[in-house]
Structures are given as structure tokens and as C-alpha cells.
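Here the structure is laid out as C-alpha cells; the discussion comes afterwards.
The values are calculated or read from the model by the stated rules, or taken from the named source; none is laboratory data. Please read all numbers here as calculations on a predicted model, not as lab measurements. Here the Cβ positions follow ideal geometry from the backbone for every residue, glycine too, while neighbour counts run over all protein chains shown. These accessible areas exclude ligands, DNA and RNA; they are computed on the full protein's heavy atoms, side chains included. Shrake-Rupley method; radii C 1.70, N 1.55, O 1.52, S 1.80 Å.
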Amino acid sequence: MAEFTLVVNGQPHKVDVAGGTPLLWVLRDSLGLTGTKYGCGVAQCGACTVHLDGEATRSCLTSVESVGARKVTTIEGLSPDRSHPLQKAWVAEQVPQCGYCQSGMLMTAAQLLSQKPQPSDADIDASLGAHICRCGTYQRIRSAVHRAAADKGGAR
Amino acid sequence: MKRRSFVQASATVGLGLVVGFRFEALLAQEAAKPALPNPFDAWIRIDAAGDVTLVCGKSEMGQGIHTALTQILADEVEVDWARVRVEQAPTNGAFYDHGTGGSSSVRGSYKTLRQAAATARTQLVATAAEQWKAPVSECRAERGEIVHAPTGRRLGYGALAAPAALRPLPDPATVVLKDAKDFRIIGQSIPRNDIPAKIDGSARFGLDVRVPGMLFAVIARCPTFGGALKSFDAAKAKASPGVVAVVEVPPGPKGSFAPGGVAVVAKSTWQAIQGRNALAVQWNPGPHAAESDATLRKSFEQLTSAPATAFRSDGDAAAALASAAVKVEATYELPFQAHASMEPLNATVDVRADRAEAWLATQDPKWAQDLIMEVTGLKAEAVTVHTTYMGGGFGRRASADYIVEGAQVSQLVKAPVQVVWTREDDMQHGSYRPAAMHRFSAALDAAGKPVAWLDRMSSVSISRQWDDPAKVKPWASEIDGAVNLPYAIPNLRMEYADAPSGVPRMWWRSVEHSINGFAVESFVDELAAAARVDPLAFRLALLAEPRLVKSPNDPDGTPLDTKRLKACLELAASKAGWGEPLPAGRARGLACHFSFLSYAAQVAEVSLVNGAPRVHRIVAAVDCGRAINPDGVAAQVESSVVYALSAALKGSISIAKGAVEQSNFHDFEVLRLPEMPRVEVHIVASDTVPTGIGEPGLPPVASAVGNALFALTGKRVRRLPIRASDLA
């Protein structure tokens with residue numbers, strides 16, 4: 001066991017865990033941030049995706065000791081009030097069904113939009129193609145990413 | 001039971017008007033149950049602020065039921081959408097949930113929920129009329145208020161709720177349901193009420209439950225089905241950081257199918273997983289250790305090669321086949337399928353000496369309560385179940401093996417415990433969609449008209465596992481969708497025999513219809529090809545004059561109406577541009593199916609990319625009666641299409657040495673976003689009662705795709721998942 005200081009959603013947190021513990025379980029079990037989901041544990045499904053310094057990362061295969069000083073953003077920190085353009089688009093397109101995979105989808109989509117404000121279908125495939133949704137919300141996810149991109153474009 | 005006993009008012013100080021009711025009993029044994037201490041499983045509550053709450057036992061697993069039921073309530077009780085809420089009913093001594101499944105929630109609740117809501121509205125009208133000393137006929141409900149038409153006086157539901165609770169409920173005969181032309185909320189694509197919590201991480205699924213002092217557990221289970229614990233050495237596991245206990249878990253109560261094993265209990269999930277990795281455990285492999293796909297296939301081949309019990313026999317199929325001008329024969333095979341919900345199974349249970357509390361993502365909280373009672377010896381009033389959102393259910397969460405484990409481990413370690421299934425546990429200890437085989441023989445006359453149809457089916461029977469051996473009907477959850485073939489064929493015989501297997505099985509989205517929709521609609525397509533008739537024209541001709549086709553499996557059930565199936569087929573074909581030219585390398589196929597009292601037809605558009613099938617577009621038509629929320633209906637069909645495409649194109653469960661070979665999403669692949677076709681859903685306008693929609697969009701998918709691939713390649717898809725080698 002060792003002590004680590006993690007900056008999560010702008011707040012510093014001290015945790016006392018084994019260095020090899022995946023960030024996923026530190027977020028969920030130590031910090032009570034359960035919006036980040038466990039789906040497969042082997043970086044196959046994307047449900048556990050968070051941002052490390054803005055970069056979408058699978059927290060299930062990221063050891064807590066490897067996080068270092070990088071800032072962690074989880075779904076709880078994507079916006080304070082569901083006002084991120086993607087969150088608004090997710091409502092407008094009525095994307096979630098069971099909703100379990102959507103935290104990861106949103107975090108990856110947020111990085112995509114920050115890098116490619118007007119993503120093509122191929123960009124969306126390349127970015128979100130590594131996620132799984134068993135409810136089959138893919139079509140609406142695609143529409144919602146385009147909608148969020150259009151909203152952002154309009155705001156500029 | 002008379003109508004009156006389904007609806008009753010209750011005045012509880014501070015709560016306002018509360019109307020309790022039972023959802024319509026769907027099962028005969030439910031109706032036959034003796035009088036319960038509290039006969040309600042749902043409540044409408046109208047509080048002093050005028051807010052209306054549905055306290056509802058139906059579980060939300062992504063299907064949008066919390067929204068659909070609340071829409072029905074809001075419309076019939078006559079309030080604006082903004083004033084209506086939904087609350088998940090806790091299961092304790094006072095609630096008797098029927099469970100959530102079988103695409104039954106809307107169709108089973110619609111009439112009763114409306115009757116209860118109209119009762120509340122009628123009560124509010126009567127209460128206002130009394131206060132105004134005005135005739136009831138001069139008063140009407142309007143958007144959360146009662147209005148006295150002649151004077152324009154108004155009283156809000158909030159002010160009326162308390163006095164309304166003190167009056168006896170109106171005679172059910174005087175309760176008048178709204179005319180459908182006055183619906184304002186039913187039939188509208190109202191945004192779902194669960195979505196805000198599902199985009200900011202605040203929605204609580206089973207795995208997100210956090211209770212003070214809780215521990216986390218994972219369980220080592222025998223890898224071969226039916227095996228048992230031989231011995232274990234806990235020393236290394238106990239020495240693993242954070243591990244607080246390693247305990248032997250006995251098999252669960254009879255009928256729960258909880259296999260037992262060794263639980264490693266720790267302060268965090270990761271520590272429990274690490275502890276289990278360090279556990280040394282030996283198993284007795286049990287009686288099914290030699291089972292494999294090959295042994296099962298051999299059973300299926302034997303069982304479908306000999307006559308078996310007939311469940312439908314029209315005319316004389318054998319004689320017609322013997323004298324046929326053209327004979328067509330084919331065998332269809334389907335593998336086991338895993339549910340693979342995104343949220344792995346889990347249960348959080350706190351068993352104390354005198355009470356137990358559980359937080360469960362379950363389709364059947366009442367059964368969960370019963371089993372926790374059985375494990376702990378506690379009475380119903382001492383066992384409370386809180387139903388959480390489910391990260392997918394698809395039928396898997398209608399089982400309770402994982403719930404029993406939660407109760408067992410909490411009882412053993414005397415602490416609140418969350419039993420977590422890893423993805424590997426979830427994949428390898430499932431309750432799978434049965435594997436099955438259909439062997440068809442059909443005859444065409446000289447004009448290409450089908451004159452005989454013989455379908456010999458075998459599968460691993462769900463009922464064989466779950467039902468009392470003395471009363472088991474192995475065919476009960478296997479033959480529907482095949483036995484009630486809607487096509488007019490004079491000599492028609494359908495036989496079934498179940499195959500022995502140790503593999504656990506349970507309902508998987510659309511149950512037997514996922515199997516039979518593929519086999520039957522693919523073979524019908526073979527007949528169309530043999531007759532050299534367009535597949536749409538061939539089906540429309542065979543659906544013939546409007547007829548009602550009963551299922552001998554459910555003789556008292558609502559029969560299939562060929563007219564509605566035909567209308568669906570025509571709608572899908574027309575929207576898809578059936579018969580119109582396509583770019584080179586593309587082809588269309590179609591299929592239709594009746595399940596859960598709803599009708600579905602689909603046209604798939606496919607191509608081959610590097611020899612592998614690619615689905616570009618699915619045009620779906622559904623007739624599910626009145627659509628409560630059209631966008632919700634579309635979402636359920638989109639969802640069913642994706643679930644079916646995963647099973648048609650991607651992963652499946654295979655058995656070797658009595659165990660599942662797959663372990664995670666790398667070897668049980670599912671459809672991903674880049675493979676997502678364009679899905680267009682067209683809803684047949686209808687004012688008949690709503691019918692199922694969570695599942696009926698699934699059965700036609702694989703056959704529509706297979707039939708399109710035949711049109712493209714000339715190769716017939718006769719087994720799933722579709723392999724590129726079968727198309728070469």
C-alpha cells in the first residue's frame with residue numbers, strides 16, 4: 001500500500017492503495033465516483049473511459065501509480081450542470097437506453113470534439129469504434145456527436 | 001377476482017390521495033393466488049403540491065418503461081407531463097411485483113393503469129363538486145385542476161388530494177376512461193425521464209450501490225457446469241492485501257441455480273479480484289464435463305432425423321412430401337448466446353440477524369425477496385429489496401443466482417457485501433439462449449405453390465431446466481414462432497424434441513423467436529427461390545386471405561392476424577424500395593415475424609466487404625398497437641436490431657469439456673459503431689391496445705440479412721453467426 005494524491009475533477013484526493021490498483025477501482029471504491037463504469041477490465045468496451053490531462057484513457061488498465069500529476073476528469077466533471085454540448089446533444093437525440101456505457105462514450109466523444117470540432121463519420125468510427133453498447137444506441141450516438149459539433153460551431 | 005379489488009384508495013396522513021392497484025395478472029397462477037395481505041403492486045400518489053407519482057414495481061433496464069408508464073398515468077389522470085414523477089417501488093411485505101420481461105410491461109399495465117388513474121381523476125372531480133355543492137356533471141378535470149364549467153371556478157389537485165383521500169372510491173362502473181382522441185401525452189415522443197441521470201454519472205446501477213461498512217466479494221465457481229467444489233487452500237488468498245475473509249459458499253436453494261463456490265471478500269473490488277487470483281481451488285467437474293458443441297450437434301441431428309411429438313399437424317405432410325413435384329430440404333443451426341449486459345451481474349446485500357436489505361439490478365425483485373428469505377430464514381416483512389437501474393437485462397436479470405450469492409456471502413461474513421461478477425464470470429456462468437436445430441422438408445406443386453411443410457426442431461429446453469420435472473413441458477419456451485407458421489400450407493407438421501445438456505439456459509431477448517424467426521423465415525425464402533417467385537410476392541400470396549392463426553402452445557392467447565403481418569411486410573417493402581435497382585454489389589432480403597403480440601417486418605440491404613457480410617441498411621416496420629411513445633418504440637426496434645446483428649454477424653458461446661470457451665469481449669465479439677447500419681423504423685398507425693415492443697424487432701433481423709446475402713451470392717445462410725466461409 002502507498003499513498004497517492006490524485007487530482008480528480010479539480011479536487012485533490014489522497015488515497016492509500018497498492019500502486020498497481022487500476023484507476024477505475026480507485027475512482028469507484030476509494031473515491032465513490034461511480035459514474036465511471038466497469039464493463040470488461042481489459043480495455044475492450046470503453047465503459048471506464050476518463051480523461052488524463054484531456055486525453056481519453058481506459059481507467060481499467062491504468063494503474064494509479066502511473067497517473068502521476070496528470071489531472072483526472074471523470075463523467076462527474078465533464079460539466080457542472082449537464083451543459084456540455086455533448087450532454088445536451090445526448091438529450092436531444094435521446095441516446096441512452098440502459099445508460100451504462102454512456103459515461104465512457106461521452107468522455108471519448110468529448111476528446112474527439114476537442115481535437116476535431118467537426119468530425120466526419122470516419123472520425124467518429126475511429127474514435128468511438130472501440131466502445132461497446134449492448135442496447136445498440138450507436139446510430140443515435142453518431143447523430144448526437146454531429147449535433148454537438150454543429151451546436152459548438154454555431155456558438156462560435 | 002372482481003375489478004373492484006384491483007383498485008383501492010388509501011388515506012395516509014400527509015401523503016394525499018393514494019390509489020393502489022394491481023397490474024393485470026398475466027399468468028394464470030397469479031390470478032389464482034389467494035388473497036394477499038396487500039393486493040397492490042403499484043400506486044398512484046397525489047400530494048399536496050399537486051404532483052402525481054407512480055410508485056411502480058416495473059424495473060427500468062433501458063427499455064424506457066419508467067417513461068411509458070408515467071405517460072399513460074399523466075394522460076389519464078389529466079396532468080401536465082411536468083407534474084408527474086416515477087418512483088421505484090421497494091419490495092417488502094406490501095408489494096407484489098410481477099417482474100419485468102416478456103415485452104409485457106406496457107401491454108400488461110395499460111388497461112389497469114388507466115383504470116386506476118381514471119379512478120383518481122373521478123375521485124378528484126367528485127371531491128371538488130362536493131366542495132362547490134355542484135353537480136359532478138358540471139365539473140371536469142383539466143391539466144391538474146378541476147374546473148366548474150358554469151362559474152369558471154378552479155381547484156388544483158394539490159388542494160383536493162387530502163379531502164379526496166377521505167372519500168370512498170367511486171363505483172368502478174362510474175369511472176370513464178378518456179376518449180383516445182383526447183390523448184395529449186399518450187402517443188407523444190416525450191423525452192425519457194431517466195436520461196438526465198444517465199449523462200452525468202449520477203444514475204445508480206446495481207454496481208454503484210455504496211453502503212457504509214460494505215465489503216466486496218468475487219466468487220470462484222466451478223468452470224464446468226454441474227461440477228462442485230472439491231477442496232481449496234485459502235492461505236495465499238487470505239494473505240493478499242485487503243482480503244478479510246475467504247469462505248465456502250454452498251449451492252443455493254433449489255431452483256435458484258446458484259452453483260456455490262469459494263468467495264473472496266475484501267475491502268475493495270480490486271483486492272477481492274486479486275485475492276481470488278491467489279486462491280488455490282480444486283473442482284469435481286461433475287456429470288457434464290464431456291459436453292461440447294460436437295456432442296450437442298450429434299444429439300440435435302439424431303433428434304431431428306426421427307419423428308418426434310407433433311405440436312401442429314394440418315393435413316398429411318408425409319403423404320404430400322412423398323408425392324411432391326419439387327422437394328426442398330434444409331437444416332438450420334443456432335448456437336448458445338450470452339446476454340452480455342454491459343453491467344456485469346452483481347448484488348449488494350446486508351443480512352442482519354433480524355432483517356435484510358438488498359440493492360439489486362433485477363427484473364424480478366419479488367423472486368429476489370423470496371430467495372433472500374429462503375437463504376436467511378427471515379420473513380417477508382424483514383426483507384427489503386431496492387431495485388436499481390439495470391445496465392442491461394435482456395432476460396439474464398430475470399434469474400437470481402447472483403442475488404442468492406449476495407445473501408449467502410453477507411450472511412457468512414456478517415457484513416454488507418457487494419458480490420461482483422467480473423466480465424469473465426458473466427460470460428462463463430451465464431444462463432444462455434438455447435442452442436437449437438431445425439430440419440425442414442417442404443414440397444412444392446408443379447405451379448411452385450407450397451403444399452407440404454415438415455419442421456423437426458430440437459433445442460436445449462429452457463423449461464426442462466426450470467420447471468418441476470413432474471409437470472415440465474419442454475417445448476413451452478421453444479416452439480412459438482415456428483408452430484404458428486402464418487403461411488397457408490395445407491399439409492403442415494411441426495415436431496419438437498429437446499436435447500440433453502448441462503448448459504444453463506434462460507430467456508434471451510425474444511426467447512425462442514430469435515431462433516425460430518431466423519430458421520422459418522430463411523426456409524420460406526428457400527421455397528420462394530425454388531418456386532422462382534419474388535420473396536415478397538411469395539409471402540404475400542401465402543399470407544392469403546385474412547386469417548387468425550392460433551399457437552397450439554397457447555390456445556387461449558391472442559392469435560396471429562395475417563392481415564396485420566401482411567400490412568407490416570408491405571410497409572417495410574415499400575419504405576425500403578423493394579424491387580427498385582441497387583448499386584452493383586448490393587442486395588436486399590426481407591423477413592417478417594409475429595411475437596409478443598406484435599408484428600414486425602424488415603428489409604436488409606447488404607454487401608460483401610473483403611468477403612465478409614456488411615449490413616448497410618435495415619428498414620423496419622412494426623405494428624405494436626397504439627404506440628405510447630413513438631420515439632421509444634423506434635429506440636427499442638433499433639436496439640433489437642443491433643442485438644440481433646451481434647448474434648447474426650459476431651460472437652456466440654461455444655462449449656468444450658463442459659465449459660464455455662469465451663471469456664470477454666475479445667472472443668465474444670459484438671457489433672460496434674463502425675458496423676452500425678442505418679436503421680429506419682416505421683410504425684403502423686393503430687388504435688388497438690398496445691402490445692410488446694422490447695423484443696419483436698429482433699426475430700426478423702438474421703433472416704432478412706441471410707436472405708439478402710442469398711440474393712447477393714446465391715449462398716444460403718443456414719447457421720449463425722454468419723461465416724464468410726459459408727458465403728464463398
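What distance in nm separates the two pseudo spin-label positions at residue B:541 and residue B:166, each 7 Å out from Cα along the beta-carbon direction?
Here the modelled spin labels are 7.4 nm apart.
For residue B:327, list the lysines whose Cα falls under 19 Å from its own Cα; do not include residues on the same chain fewer than 8 positions away.
Once the sequence-local lysines are set aside, what remains near residue B:327 is B:449, B:715.
Using DSSP to call loops (not H, G, I, E or B), can you name the trypsin sites (Lys or Arg not before Pro) in segment B:415-475 whose Cβ has at most 10 other Cβ atoms within 10 angstrom?
Those that pass, being in a loop and sparsely packed, are B:471.
Using +1 on the beta carbon of Lys and Arg, -1 on that of Asp and Glu, and nothing else charged, what's the dipole of the protein assembly as shown about the Cα centre, debye to 20?
Approximately 420 debye in magnitude.
What aspartates and glutamates sit close enough to residue B:563 to cross-link, taking a C-alpha to C-alpha distance under 14 Å and skipping anything fewer than 8 places away on the same chain?
Residue B:563 reaches B:545, B:623.
Just want to confirm a number: the relative contact order over segment A:2-77, from Cα pairs under 8 angstrom separated by 6+ residues, in percent.
With pairs under 8 Å counted, the relative contact order is 37 percent.
Between chains B and A, what is the buried accessible area summed over both chains (1.4 Å probe, protein heavy atoms, nearest 100 Å²)?
For chain B against chain A, roughly 4500 Å² becomes buried.
Find the accessible area per residue for the protein assembly as shown; the probe is 1.4 Å, ligands and nucleic acids are left out, and the unit is Å².
On a per-residue basis, the protein assembly as shown sits at 36 Å².
Give, in nm to one decimal, the length gained when the segment between residue B:582 and residue B:305 is fully stretched (0.36 nm per residue of separation minus the Cα-Cα distance). Write out the running numbers ahead of the final one.
Details: separation 277, 0.36 × 277 = 99.72 nm, distance 4.06 nm.
Answer, rounded to one decimal: 95.7 nm.
Positive end of the dipole of the protein assembly as shown, charges at C-beta (+1 Lys, Arg; -1 Asp, Glu), about the Cα centre: which of A:27, B:185, B:227 has its Cα farthest in that direction?
Among A:27, B:185, B:227, the one farthest towards the positive end of the dipole of the protein assembly as shown is B:185.
Kindly state, to the nearest 0.05, the FRET efficiency for residue B:650 paired with residue B:176, given R0 = 51 Å and r defined as their beta-carbon distance. Display every interim value, and only then the final one.
On the way: r = 51 Å, r/R0 = 1.01.
Calculated transfer efficiency: 0.50.
So for chain B, taking the charge dipole from beta-carbon charges (+1 Lys/Arg, -1 Asp/Glu), which of B:303, B:474, B:252 sits furthest toward the positive end?
B:252
Taking 0.36 nm per residue of sequence separation and subtracting the Cα-Cα distance, how much length would be gained by fully extending the chain between residue B:666 and residue B:313, in nm to one decimal?
Separation in residues times 0.36 nm, less the Cα-Cα distance, equals 122.6 nm.
When the Karplus curve 6.51 cos²θ - 1.76 cosθ + 1.60 is applied with θ = phi - 60°, which whole-Hz ³J(HN,Hα) does each residue of segment B:712-728 get, with x for Gly and Pro?
The phi angles translate into 7, 10, x, 9, 8, 7, 10, 8, 10, x, 5, 9, 4, 5, 6, 9, 7 Hz.
Quick one: Cα centre-to-centre distance for segment B:418-485 and segment A:115-139, in angstrom?
Each part's Cα centre sits 35 Å from the other's.
Ignoring everything except DSSP H segments at least 4 long, calculate the 222 nm mean residue ellipticity for the protein assembly as shown; use -39,500 (n - 2.57) per segment, divide by total residues, nearest 500.
After summing the helix terms and dividing by residue count, I get -9000 deg cm²/dmol.
Which length gain, in nm to one decimal place, applies between residue A:70 and residue A:121 when the Cα-Cα distance is subtracted from 0.36 nm times their residue separation?
Once the chain is fully extended between residue A:70 and residue A:121, it gains 15.3 nm.
For segment B:664-719, with the dipole built from +1 on Lys and Arg beta-carbon atoms and -1 on Asp and Glu ones, taken about the Cα centre, which of B:666, B:707, B:685 lies farthest toward the positive end?
The one lying farthest along the dipole's positive direction is B:707.
With an 8 Å cut-off on Cα pairs and a minimum separation of 6 or more residues, tell me the relative contact order of chain A in percent.
That works out to 23 percent.
Aspartates and glutamates near residue B:254 by alpha-carbon distance under 18 Å, same-chain residues fewer than 8 away left out - which ones?
By straight Cα distance, residue B:254 reaches B:364, B:370, B:374, B:401, B:405, B:467, B:468.
Below 22 Å Cα-Cα, how many Lys pairs turn up in chain A? Only count pairs eight or more apart in sequence, or on different chains, if you could.
For chain A, the number of qualifying lysine pairs is 8.
Return the average number of partner chain Cβ atoms within 10 angstrom of each residue Cβ along peptide B:260-272.
What the average comes to for B:260-272 is 3.
Set the Förster radius R0 to 51 Å, insert the Cβ-Cβ distance between residue B:231 and residue A:5 as r into 1/(1 + (r/R0)^6), and round the FRET efficiency to 0.05.
Efficiency computed from Cβ-Cβ geometry: 0.70.
Could you work out what % of the accessible surface of the protein assembly as shown is carbon and sulfur, using a 1.4 angstrom probe and leaving DNA, RNA and ligands out of the count? Don't jump to the answer; show the numbers that get you there.
On the way: 16660 of 31690 Å².
On the protein assembly as shown, the fraction of accessible area on carbon and sulfur atoms equals 53 percent.
What whole number of Å gives the distance from the Cα centroid of segment B:156-176 to the Cα centroid of segment B:277-324?
For segment B:277-324 versus segment B:156-176, the Cα centre distance is 58 Å.
How high is the relative contact order of chain B, in percent, counting Cα pairs under 8 Å that sit 6 or more residues apart?
13
Please turn the phi angles of segment B:180-194 into ³J(HN,Hα) values with the Karplus equation 6.51 cos²θ - 1.76 cosθ + 1.60 (θ = phi - 60°), one per residue in order, whole Hz, x for glycine and proline.
Residue by residue, segment B:180-194 yields 4, 5, 8, 4, 10, 10, 5, x, 9, 7, 5, x, 5, 7, 9 Hz.
What does the average come to when, for each residue of peptide B:670-682, you count the partner chain Cβ atoms lying within 10 Å of its Cβ? Before the final figure, lay out each step's value.
On the way: counts 6, 5, 10, 17, 9, 3, 9, 2, 2, 4, 1, 0, 0.
Mean shielding by partner chains, rounded to a whole number: 5.
Which whole number gives the average, over all residues in B:416-425, of C-beta atoms from other chains lying within 10 Å of the residue C-beta?
Mean inter-chain Cβ contacts per residue within 10 Å come to 2.
Which of the residues in segment A:2-31 lose at least 50 Å² of accessible area when you go from the chain alone to all protein chains together (probe 1.4 Å)?
Hits at the 50 Å² cut-off: A:25, A:28, A:29.
So, with +1 on the Cβ of K and R and -1 on the Cβ of D and E, and no other charges, what is the size of the charge dipole of chain B about its Cα centre, to the nearest 20 debye?
Roughly 200 debye for chain B.
With respect to the cross-link table entries B:178/B:575; B:238/B:379; B:58/B:550; B:230/B:379; B:178/B:198, which display a Cα-Cα separation exceeding 31 Å? The partial results should precede the final answer.
Working: B:178/B:575 34 Å; B:238/B:379 34 Å; B:58/B:550 29 Å; B:230/B:379 33 Å; B:178/B:198 33 Å.
Among B:178/B:575; B:238/B:379; B:58/B:550; B:230/B:379; B:178/B:198, the Cα-Cα distance tops 31 Å for B:178/B:575; B:238/B:379; B:230/B:379; B:178/B:198.
Label points 7 Å out from Cα along the Cβ direction at residue B:323 and residue A:55: separation in nm?
Between residue B:323 and residue A:55, the simple spin-label model gives 7.8 nm.
I'd like the distance separating the alpha-carbon centroids of segment A:38-66 and segment B:529-573, in whole Å.
The distance from the Cα centre of segment A:38-66 to that of segment B:529-573 comes to 49 Å.
Using unit Cβ charges (K, R positive; D, E negative) and no other charged atoms, how large, in debye to the nearest 20, is the dipole of segment B:531-582 about its Cα centre?
60
With the crude spin-label approximation of a point 7 Å out along Cα→Cβ, what separation in nm comes out for residue B:723 versus residue B:153?
Roughly 8.0 nm, to one decimal.
Test of the criteria: in segment B:619-691, which trypsin sites (Lys or Arg not before Pro) are in a DSSP loop and have at most 13 other Cβ atoms within 10 angstrom of their Cβ? Don't skip to the end; give the middle numbers.
Working: sites: B:626, B:650, B:657, B:672, B:678; in loops: B:626, B:650, B:657, B:672.
Answer by residue number: B:657.
Only loop residues by DSSP count here, and only those with at most 15 other Cβ atoms within 10 Å; note down the trypsin sites (Lys or Arg not before Pro) in segment B:312-363 that meet that.
B:352, B:355
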